[in-house]
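A.B. asks: What follows is a structure written as structure tokens; I'll ask about it next.
The values are calculated or read from the model by the stated rules, or taken from the named source; none is laboratory data. Nothing here was measured: the structure is a model prediction, and the numbers come from that model. Note that each Cβ is placed from the backbone with ideal geometry, even for glycine, and that neighbours are counted across all protein chains shown. Please note that ligands, DNA and RNA were not included when accessible areas were found on the heavy atoms of the full protein model with its side chains. Shrake-Rupley method; radii C 1.70, N 1.55, O 1.52, S 1.80 Å.
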Amino acid sequence: SESRNEVYIDLIAGWASGAISIFCSQPIDTVLTRIQARPTNNVIINKTGCAVSTAKSLVESQGMLALWRGSSPMIGAIPFQNSLMMAGYGYGKRWCEKHEPDDVLLGVFIGGCTGGVAQSFLMSPVELIKVNQQVIGRSFSSATSIVTSGLFSRQIAWRGLGATLLRDGLPHGVWFASYQYSKDYLSQIDGTYPGKSSAFIPLFSGAFAAFTAWAVGYPFDVIKTRIQAAKEFNQSKSVAQATREILSESNGRPFAALYRGFWLKIAKAVPASAVNFYVYESVVESLRVIGD
């Protein structure tokens, strides 16, 4: 049926856009993760968390390829995760346009939140493997072996799941709703109609969506990294414990502590999201032409 074909199109387009965006942005993610894992007072007061010095030190000690450390689990998981998220976005948008045309943004927002919560159960152990590679220096096989052997242990494979749920739930709703709002608004200004946008529209809207989503969810990303970066897998902290630890190191600057590395995250997320949505829209349009 036409509806089923649209879902397949969304899945394929989401996989392609996720693969391209993660490969391009992985070096920034590696540097950011190492900064987030450091004690807060080290970064805020002593300025040792400088992105340039962190990247330079990593390359000098371990080589250029170290910037892509942790990419294996992400390249394996992100395209799959992104395809499911985009399929949910596309289905929710089409359903609302057909049944509730005045509430498309609400439908997209709810769908994004639901998808964000669901994919957290995939991404939490995957990101635990990534963080252990990037911060602790474990090999991919070593980190993967530890995580997979403890799939039924909250302190091992699911360490950081609570923070991941908080980071990916509401912010994913904000991400999709912001994208849809910007896309619709710019389409009207551009004189086109939704679904026939110029290249600028998905690029700009994707960038705008990334900024708004991370402005909401970034503190939980810092907390998640602190929880997952413990050297011993049995050293599990709760979201509350990790938050108190970060704030106690902030020297009275809680905002700076919880948004440490935010602009580096934006430097990664904005172009990645722009490319993500642009590739998604382009592939969807191409597959529809082929299907016709």
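A.B. asks: What does the charge count around ALA242 come to, taking other residues whose C-beta lies under 10 Å from its C-beta (Lys +1, Arg +1, Asp -1, Glu -1)?
C.D. replies: +3
A.B. asks: Quick one: grab the alpha carbon gyration tensor of region 229-277, order the square roots of its eigenvalues as a ≥ b ≥ c, and give me rounded if a/c is under 1.5, else prolate or oblate depending on whether a/b is larger than b/c.
C.D. replies: It is oblate, given that a/c is not under 1.5 and a/b is not larger than b/c.
A.B. asks: With charges only on Cβ, +1 for K and R and -1 for D and E, what is the dipole size of region 215-265 about its Cα centre, in debye, rounded to 20?
C.D. replies: My answer is approximately 60 debye.
A.B. asks: Sum -39500 (n - 2.57) across every DSSP H segment of at least 4 residues in the chain, then divide by the residue count to get the 222 nm mean residue ellipticity, nearest 500.
C.D. replies: When only DSSP H runs of four or more count, the value is -26500 deg cm²/dmol.
A.B. asks: Okay, next question. If you take every residue apart from SER21 with its C-beta less than 15 Å away from the C-beta of SER21, what net charge results, scoring Lys and Arg +1 and Asp and Glu -1? Walk me through the numbers before you get to the answer.
C.D. replies: Details: positive: LYS265, LYS268; negative: ASP29, GLU281.
Its environment carries a net charge of 0.
A.B. asks: Find how much the distance from THR114 to SER139 grows on full extension, using 0.36 nm per residue of separation minus their present alpha carbon separation; answer in nm with one decimal. Write down the numbers at each step before the final one.
C.D. replies: Numbers: separation 25, 0.36 × 25 = 9.00 nm, distance 3.29 nm.
Computed gain between THR114 and SER139 is 5.7 nm.
A.B. asks: What does the extension gain come out to for TYR185 and LEU65, with contour length at 0.36 nm per residue minus their alpha carbon separation?
C.D. replies: Stretched fully, the TYR185-LEU65 segment lengthens by 39.1 nm.
A.B. asks: In addition: Below 8 Å between Cα atoms, with a sequence gap of 6+, how large is the relative contact order for the chain in percent?
C.D. replies: In percent, rounded to a whole number, it is 27.
A.B. asks: Which pairs break 31 Å Cα to Cα here: LYS56/LYS231; LYS93/LYS237; LYS130/LYS183; LYS98/LYS265; LYS93/LYS268; LYS231/LYS265?
C.D. replies: In this structure, LYS93/LYS237; LYS130/LYS183; LYS98/LYS265 lie more than 31 Å apart at Cα.
A.B. asks: Still on this model: Zone of LEU151 (label point 7 Å along Cα→Cβ, backbone N under 18 Å): which residues in region 106-136?
C.D. replies: 119-130
A.B. asks: Provide TRP214, TRP175, TRP15 ordered by accessible surface of protein heavy atoms (probe 1.4 Å), highest first. Kindly include the intermediate steps, with their values, before the conclusion.
C.D. replies: Details: TRP214 55, TRP175 30, TRP15 135 Å².
So, going from the largest accessible area down, we get TRP15, TRP214, TRP175.
A.B. asks: Still on this model: Need one word for region 204-262: rounded, prolate or oblate. Basis is the Cα gyration tensor (sqrt eigenvalues a ≥ b ≥ c); a/c below 1.5 gives rounded, then a/b vs b/c decides.
C.D. replies: Judged from the Cα gyration tensor, region 204-262 comes out oblate (a/c at least 1.5, b/c at or above a/b).
A.B. asks: Could I ask something else about it? Angle, helix 200-228 long axis vs. longest principal axis of the chain, Cα atoms, 0 to 90°, nearest 10?
C.D. replies: Here the helix axis deviates by roughly 30 degrees.
A.B. asks: Something else now. Suppose we flag trypsin sites (Lys or Arg not before Pro) only when DSSP calls them loop and at most 14 other Cβ atoms lie within 10 Å. Which is the longest uninterrupted stretch of the chain?
C.D. replies: In the chain, the maximal stretch lacking such sites is 48-153.
A.B. asks: List the extent of the Cα atoms of the chain along each of their three principal axes, largest first, rounded to whole Å.
C.D. replies: 54, 40, 36
A.B. asks: Is the shape of region 105-251 rounded, prolate or oblate, going by the alpha carbon gyration tensor and its root eigenvalues a ≥ b ≥ c, with a/c under 1.5 for rounded and a/b larger than b/c for prolate?
C.D. replies: Prolate.
A.B. asks: I'd like the FRET efficiency for LYS56 and SER198, computed as 1/(1 + (r/R0)^6) with the beta carbon distance as r and R0 of 41 Å, rounded to 0.05.
C.D. replies: That gives a FRET efficiency of 0.55.
A.B. asks: Here is a further query. Given the whole protein assembly as supplied and a 1.4 Å probe, what does the accessible area of SER205 come to in Å², nearest 10?
C.D. replies: My reading of the accessible area for SER205 is about 0 Å².
A.B. asks: First measure r as the distance between the Cβ atoms of SER286 and LEU106, then evaluate 1/(1 + (r/R0)^6) with R0 = 41 Å and state the FRET efficiency to the nearest 0.05. Can you show the working numbers first?
C.D. replies: Working: r = 30 Å, r/R0 = 0.72.
Efficiency for this residue pair is about 0.85.
A.B. asks: Can you check what the net charge comes to around ALA77, using other residues whose Cβ is under 14 Å from the Cβ of ALA77 (Lys, Arg +1; Asp, Glu -1)?
C.D. replies: My count for the surroundings of ALA77 gives -2.
A.B. asks: Starting from the residue with the highest accessible area, list MET85, MET64 in decreasing order, probe 1.4 Å.
C.D. replies: My answer, sorted largest first, is MET64, MET85.
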